[in-house]
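Visitor: I'd like to ask you about the structure that follows.
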Amino acid sequence: MESFGLSHQIPVLEFRDDGPADHLLSIDTEMSSNVRFDPALGLTEEEKMLLVFSRVNLRYVTGVACDDRANLLLEFDNGVNLRFAGAPQEATSEPWQLASRTPLNEPGGYMVIATYDGGYAIWDAAAKP
């Protein structure tokens, strides 16, 4: 993972690979992880999320999986696992969205959106004639 932060109050993770484009994951859903915090710290869910993101910043992604409910699982080289709910308890617009920094009308451009009901919407520039 290259970096993390907030964009328009939405948590985002940015990834870089061996290719020329970066990938941006926007998150508007519940996150769970195998990182545990002492309840005595009194951290909010947002604070926990940012602390977990700091644990995986500049780490390699070793596994990515999605299931038929649009849950997204990311595994990192330091053993941290993140799970983003594809069908969150509160029905929002899109629980998570992964897109290339390359525009959709150019080669390499893509976007995958998890829909709140557990499905996917996919755009891929490679699929265009």
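The values are calculated or read from the model by the stated rules, or taken from the named source; none is laboratory data. Nothing here was measured: the structure is a model prediction, and the numbers come from that model. Glycine also receives a Cβ, built like all others from the backbone with ideal geometry; neighbour counts cover every protein chain displayed. Quick note on the areas: whole protein, heavy atoms, side chains included, nothing else; ligands and nucleic acids left out. Shrake-Rupley method; radii C 1.70, N 1.55, O 1.52, S 1.80 Å.
Visitor: Just to check your reading of the model, which residue among 52, 12, 64 is in a helix (DSSP H, G or I) and under 25 Å from residue 118 (Cα atoms)?
Guide: It is 52.
Visitor: Assigned to a loop (DSSP other than H, G, I, E, B), open to solvent by less than 50 Å² (accessible area, probe 1.4 Å) and modelled with pLDDT under 90 - does that describe any residue in the stretch 90-98?
Guide: Yes, the stretch 90-98 contains a residue that is assigned to a loop (DSSP other than H, G, I, E, B), open to solvent by less than 50 Å² (accessible area, probe 1.4 Å) and modelled with pLDDT under 90.
Visitor: While we're looking at this one, here's another question. Which pairs do you get when a residue that is more than 15 Å from residue 126 (Cβ to Cβ), found in the stretch 92-114, comes within reach of a residue that is open to solvent by less than 40 Å² (accessible area, probe 1.4 Å) and of a type in the set (S, T, N, Q), reach meaning Cβ atoms under 6 angstrom, with the pair 6+ apart or on two chains?
Guide: Within 6 Å, the pairs are 95/29; 96/29; 97/26.
Visitor: Ok, one more. For the list (1) at pLDDT below 95; (2) open to solvent by less than 40 Å² (accessible area, probe 1.4 Å); (3) in contact with a helix residue (DSSP H, G or I) (Cβ under 8 Å, 6 or more places away or on another chain), I need the number of the one condition that residue 80 fails.
Guide: (1)
Visitor: Mind telling me which of the residues 121, 87 ends up being free of Cβ contacts under 8 Å to residues at least 40 places away in the same chain, open to solvent by less than 70 Å² (accessible area, probe 1.4 Å) and in a loop (DSSP other than H, G, I, E, B)?
Guide: Checking each option against the conditions leaves just 87.
Visitor: So, one more: May I ask you to list the residues in the stretch 36-52 that are of a type in the set (A, V, I, L, M) and either modelled with pLDDT under 95 or more than 23 Å from residue 87 (Cβ to Cβ) (or both)?
Guide: Hits for the stretch 36-52 are 40, 41, 43, 49, 50, 51.
Visitor: Consider only pairs whose beta carbons are under 6 Å apart and that are at least six residues apart or on different chains; among these, list those whose first residue lies in the stretch 4-29 and is modelled with pLDDT under 85 and whose second residue is part of a strand (DSSP E or B).
Guide: Correct list of pairs: 21/100.
Visitor: If residue 67 satisfies all but one of (1) at pLDDT 95 or above; (2) surrounded by fewer than 13 Cβ atoms within 10 Å (Cβ to Cβ), what's the number of the condition it fails?
Guide: Of the numbered conditions (1) at pLDDT 95 or above; (2) surrounded by fewer than 13 Cβ atoms within 10 Å (Cβ to Cβ), the odd one out for residue 67 is (1).
Visitor: Tell me which residues, restricted to the stretch 12-63, are surrounded by 13 or more Cβ atoms within 10 Å (Cβ to Cβ), more than 29 Å from residue 104 (Cα to Cα) and β-branched (Val, Ile, Thr).
Guide: Within the stretch 12-63, 35, 52 qualify.
Visitor: Could we say that residue 106 is modelled with pLDDT under 95, loosely packed, with under 14 Cβ neighbours inside 10 Å and touching a helix residue (DSSP H, G or I) at 6+ places or on another chain (Cβ under 9 Å) here?
Guide: So residue 106 passes the test.
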